[in-house]
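The values are calculated or read from the model by the stated rules, or taken from the named source; none is laboratory data. What you see is a predicted model, and the numbers here were worked out from it, not measured in a lab. Please note: Cβ atoms are built from the backbone with ideal geometry, for glycine as well, and neighbour counts cover all protein chains shown. Keep in mind that these areas ignore ligands, DNA and RNA; they rest on the heavy atoms of the full protein, side chains included. Shrake-Rupley method; radii C 1.70, N 1.55, O 1.52, S 1.80 Å.
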Amino acid sequence: MQLSIVIPLLNEEESLKELHDWIVSVMQSNHFLYEIIFVDDGSTDASWATISKLSKENTNVKGIRFLRNFGKSQALHAGFNAATGDVVITMDADLQDNPEEIPALYSLISSEGYDLISGWKKKRYDSIIFKNLPSKLFNWAARRTSGVKLNDFNCGLKAYDRSVIKTIEVSGEMHRYIPVLAKNAGFSKIGEKVVQHQSRKYGKTKFGMDRFINGFLDLITIWFVSKFGKRPMHLFGALGVVMFLIGFGFALYLGIDKLFLNPFGRLITDRPQFYIALTSMVMGTQLFLAGFLGEIMIRSKREEKRYVIADKIAL
């Protein structure tokens, strides 16, 4: 199969039929062998009923329904597991991503050898103050921190070589940073394509300003995990040793001073160096233990269930 189109969604019943028909029109005009995988992330409207109806009308439509809302990253993870196409396209279900972009994205992966192509919504139809400016700040920080030179990390329209989505693990809220995850996994040919942004036609956005706060926190997490995730002792152990040595140095100084240099001076507990020494040694020991426990956790890690699938269609 040439193409798998993975579409995570939450309460998008109004747009699903129109999006499906638009995608099918593009697929037929380009003679693609394709599948459309809708991942219903716990919708409370009639989204799943719409997906069921579309699947009966079109055998290329498949569906996954979560028992409750687990998040976009988990929805993408489930869709990636189910995808069988050589090239995988992800897009949002709100009609803000244009299916007409799919052939060009497919060509960049299949013909030009890219591992991942991320869409760049250069011209946006969102609020300048509440979405555009925070998004620019977020993308700047992501570029500087991750080293991946993309202008739009948040764009849902992306294309992947099959090997990428079968290698990376998308969890938590890390869907924004799939290009970074791919880079950390060793996929180096990552590109960007300017894509058309559509204004929202139905419903309202599911994202508020909190997503940018969460995005920055996730950025810190992924930076830390990429550098020290497999070797926490290198960070915590090193910091612990440094802190302990600082404290030990102060304690040694206080001991020598009290025993040999000034035995009749003020009490050690009256001197600020005593508390610096005590605090540093305690913190150093705790940091070292944190690194040690981190190493043990990595070595004994078990695969955890991150979402529960309630139903499937054609899978």
Members of region 278-296 that are of a type in the set (S, T, N, Q), more than 32 Å from the chain's Cα centre (by Cα) and surrounded by fewer than 17 Cβ atoms within 10 Å (Cβ to Cβ) = T279, T285
Across region 98-116, what is the total count of residues that are free of Cβ contacts under 8 Å to residues at least 12 places away in the same chain and not in a loop (DSSP other than H, G, I, E, B)?
-> 1
If you go through region 81-109 one residue at a time, how many are aromatic (F, W, Y) and within 21 Å of the chain's Cα centre (by Cα)?
-> 0
Has region 11-25 got any residue that is of a type in the set (A, V, I, L, M), out of contact with any helix residue (DSSP H, G or I) (no Cβ under 6 Å at 6 or more places or on another chain) and part of a helix (DSSP H, G or I)?
-> yes
Quick check: is even one residue across region 121-138 modelled with pLDDT under 85, in a loop (DSSP other than H, G, I, E, B), touching a Ser or Thr at 6+ places or on another chain (Cβ under 6 Å) and open to solvent by 20 Å² or more (accessible area, probe 1.4 Å)?
-> yes
Over region 216-274, the set of residues hydroxyl-bearing (S, T, Y) and open to solvent by less than 80 Å² (accessible area, probe 1.4 Å) is T221, S226, T269
Pairs, first under 19 Å from L116 (Cα atoms) and at pLDDT 95 or above in region 75-97, second small (G, A, S) and open to solvent by 20 Å² or more (accessible area, probe 1.4 Å), C-beta under 6 Å, six or more apart = V87/S110
Kindly provide the set of residues from region 68-87 that are touching a helix residue (DSSP H, G or I) at 6+ places or on another chain (Cβ under 7 Å), among the hydrophobic types (A, V, I, L, M, F, W, C) and under 12 Å from I7 (Cα atoms), ordered by number.
-> L76, F80, A83
Condition test on T221, is it under 26 Å from L289 (Cα atoms), among the β-branched types (V, I, T) and modelled with pLDDT under 75?
-> yes
